[in-house]
Amino acid sequence: MRKVAVFGNAGGGKSTLARKLAELTRLPLYPLDRIQFRPGGGEVPPDEYAKAHAELLTRDAWIIDGYGSVKSAWERFDVADTLVYVDLPLFTHFRWVTKRLVQGIVKTPEGWPEGSPMISSTIDSYRVLWRCHTHLTPRYRKLVAETRPHKSVHHLRSPREMRDFLAAVKQEAASG
């Protein structure tokens, strides 16, 4: 586990999982939202994002959290040696996006671009949830099934599976 892509629908706990994974493995963590968006929430130009993303992929080790663009996601999946797909029930994603909004009033969410507006970004997240569920989830599931024989793949379908995955990584790190 040296190059880890953590991905899935919005509000699924990817950033929290990625942060905990980075703490356990001591791999550097790169939240894509901080590369793709400027402070205040404006998106960086596509060529600037593509250049920053391509540079990350050349590094010896990383955990990259998030989706980014369609092209960059599939490039990242190809380069990664480990895929961690957070695939929770859609209702859980909606609930956690709402929870993130409420908690974001007090504390900036994990991996959130500095100064990004919570309310408009949350509304965007609700839209992304449905689009991802209908368009990307089937592609992600196919990717996971086809990639499993060639890479380390972790398809996490519940909060319990997320906890169990981190516990297994912790145990491996302790024995390692």
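The residue that is modelled with the highest pLDDT, among those in segment 113-127 that are among the polar types (S, T, N, Q) and in a helix (DSSP H, G or I), is Ser125.
Quick grid of which residues meet (1) touching a His at 6+ places or on another chain (Cβ under 8 Å); (2) crowded, with 20+ Cβ neighbours inside 10 Å; (3) within 20 Å of Ala167 (Cα to Cα):
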{"position": "Arg2", "(1), (2), (3)": "no, no, yes"}
{"position": "Ala5", "(1), (2), (3)": "no, yes, yes"}
{"position": "Gly13", "(1), (2), (3)": "no, yes, yes"}
{"position": "Arg19", "(1), (2), (3)": "no, no, yes"}
{"position": "Pro39", "(1), (2), (3)": "no, no, no"}
{"position": "Glu55", "(1), (2), (3)": "no, no, no"}
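Confirm whether Pro149 is more than 17 Å from the chain's Cα centre (by Cα), under 17 Å from Leu83 (Cα atoms) and modelled with pLDDT under 95. Taking the combined requirement at face value, the residue satisfies it. Which one is farthest from the chain's Cα centre (by Cα) among residues in segment 152-176 that are of a type in the set (Lys, Arg) and in a helix (DSSP H, G or I)? Top of the filtered list is Lys170. For His150, the conditions (1) closer than 24 Å to Leu29 by Cα; (2) touching a residue at least 60 places away in the same chain (Cβ under 8 Å) are fulfilled apart from (2). Restricting attention to segment 32-76, the residues that are under 23 Å from Arg141 (Cβ atoms) and either touching a strand residue (DSSP E or B) at 6+ places or on another chain (Cβ under 6 Å) or of a type outside the set (Lys, Arg) (or both) total 14.
The values are calculated or read from the model by the stated rules, or taken from the named source; none is laboratory data. These numbers come from a predicted model, not from an experiment. Virtual Cβ from ideal backbone geometry, glycine too; neighbours counted across all protein chains shown.
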